[in-house]
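Following: one structure in structure tokens, then a few remarks.
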Amino acid sequence: MSQNLPGGLGRRGFLMGTLGIGAGAALTACTSNAPAGGPPAASAPVAAPAGGNSEPGEQVTIGFSAPAADHGWIAAIANNAQAQAEQYSDVTFSPVNPTNDIAQQIAAVQTLINQGVNALVILPNDGSQLTSVGRQAMEAGIPVINLDRIFDSPLAYRTWIGGDNYGMGVSAGTYIGQRLREAGVANPVIGEIAGIDNLPLTQQRSQGFADALQTFGFAVGPRQAADFTAQGGQRVTANLLQAAPQLDAVWNHDDDQGIGVLAAIEQAGRNEFFMVGGAGSANAMRAIQEDNTVLKATVTYSPSMASSAVALARLVAQGKGMGDLAEREVPASITLASATITKDNVADYLPLGFES
């Protein structure tokens, strides 16, 4: 796991409209480590061609580099980017071999720079360590769309697009707070199953969660950090449940991790509380839809940001702006918000979920 790992969905209508994208391109959700060779990602959501920006223009080649698809979220990133590029007759998509090796990713991006691609979409294994190659591309006149894990310097990218880890925590805390308030619970015991604590993304998620709960006069109770794996989720949840004989609600940061979290809960025979997940995997959404576990909601962090990244790379390479904005240029930064998926709206999001 990189220290810059991804968290969101939200502002869907605004972002898709400004890109000249149809409503069918709604975003899905985020991070963790499912075992390699696991189920493939769901069909990649793509932006339906619409509006003047989608009319064929100058032929451009878009290079693409991302980590190896060793879990559902990253697999969906790659699938979405490829599927989006295929929507445009004026785009040649040039992906390099995915890798989790920093040196190999740098070398692969340098190959794309030497080939003279018109734009680059890069999801770095580590933003800090790939900043220099991002700057090489920019200095060579190749605009870089930095996807999610941000480079250290704005000089390394033309536009950044990514999720909102803090916003994930806010969405989860708001849902839990509202539900507990409506139930008249005065002093709830609220558990938290985090990811890897030394990662900024985990810290941001936890801070957003605590801040949102505080607005209801609530606080985080027992808390355990796992490792974004199903195995880790099961292990730490068993510990948390043993230490907390009574819970009212739990937030688990990651839906891939949540497979183990739910297994531990079922093994312990606990059902006095409800749980919120994180990322918006198809697995979690099906559980929410079936409504036969403690999992009642999940908050999103969308891998279809890769679809938008390719759309942005095309616009930048062709010197176009975003259709619904007054400015002639694509913005320098786009942060996606985090949607809350419940039984009431899960049918709208399920087709866009990625398989853990």
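The values are calculated or read from the model by the stated rules, or taken from the named source; none is laboratory data. Just so it is clear, the structure is predicted and the values come from calculations on it, not from any experiment. No Cβ is skipped: glycine too gets one built from the backbone with ideal geometry, and neighbour counts run over all protein chains shown. Areas reflect the complete protein model, heavy atoms only, side chains present, ligands, DNA and RNA absent. Shrake-Rupley method; radii C 1.70, N 1.55, O 1.52, S 1.80 Å.
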Task: Out of Ser89, Ser65, sole residue that is crowded, with 17+ Cβ neighbours inside 10 Å and either at pLDDT 90 or above or among the aliphatic types (A, V, I, L, M) (or both) - done: Ser65
Open item on the list: Being within 18 Å of Gly173 (Cα to Cα), open to solvent by 20 Å² or more (accessible area, probe 1.4 Å) and not hydrophobic (A, V, I, L, M, F, W, C) is the requirement here; does Asp248 meet it?
Closed with: yes
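Residues that are touching a Phe, Trp or Tyr at 6+ places or on another chain (Cβ under 9 Å): find the helices (runs of 4 or more DSSP H) completely inside region 62-156 holding 2 or more of those.
On the way: elements: 72-85, 102-115, 127-139.
Counting at least 2 such residues, we get 72-85, 127-139.
In region 295-320, which residues are more than 21 Å from Val330 (Cβ to Cβ), open to solvent by less than 10 Å² (accessible area, probe 1.4 Å) and not hydroxyl-bearing (Ser, Thr, Tyr)?
Residues of region 295-320 that are more than 21 Å from Val330 (Cβ to Cβ), as a first pass: 295-301.
From what is left, the residues that are open to solvent by less than 10 Å² (accessible area, probe 1.4 Å) are 295, 297-301.
Within region 295-320, Leu295, Ala297, Val299 qualify.
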TODO: Note down all Cβ pairs under 7 Å where the first residue falls in region 187-216 and is among the charged types (D, E, K, R), the second is crowded, with 22+ Cβ neighbours inside 10 Å and modelled with pLDDT under 95, and they're at least six residues apart or on different chains.
DONE: Arg205/Gly7
Open item on the list: Would you confirm, using the coordinates I've provided, whether Gly208 is open to solvent by less than 50 Å² (accessible area, probe 1.4 Å), within 17 Å of Met275 (Cβ to Cβ) and not aliphatic (A, V, I, L, M)?
Closed with: no
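Of the residues that make up region 145-155, is at least one surrounded by 24 or more Cβ atoms within 10 Å (Cβ to Cβ), among the hydroxyl-bearing types (Ser, Thr, Tyr) and either farther than 16 Å from Ala306 by Cα or in contact with a strand residue (DSSP E or B) (Cβ under 8 Å, 6 or more places away or on another chain) (or both)?
Quick first cut of region 145-155, residues surrounded by 24 or more Cβ atoms within 10 Å (Cβ to Cβ) only: 145-148, 151.
Those left that are additionally among the hydroxyl-bearing types (Ser, Thr, Tyr): none.
The answer is no, given that none of the residues of region 145-155 is surrounded by 24 or more Cβ atoms within 10 Å (Cβ to Cβ), among the hydroxyl-bearing types (Ser, Thr, Tyr) and either farther than 16 Å from Ala306 by Cα or in contact with a strand residue (DSSP E or B) (Cβ under 8 Å, 6 or more places away or on another chain) (or both).
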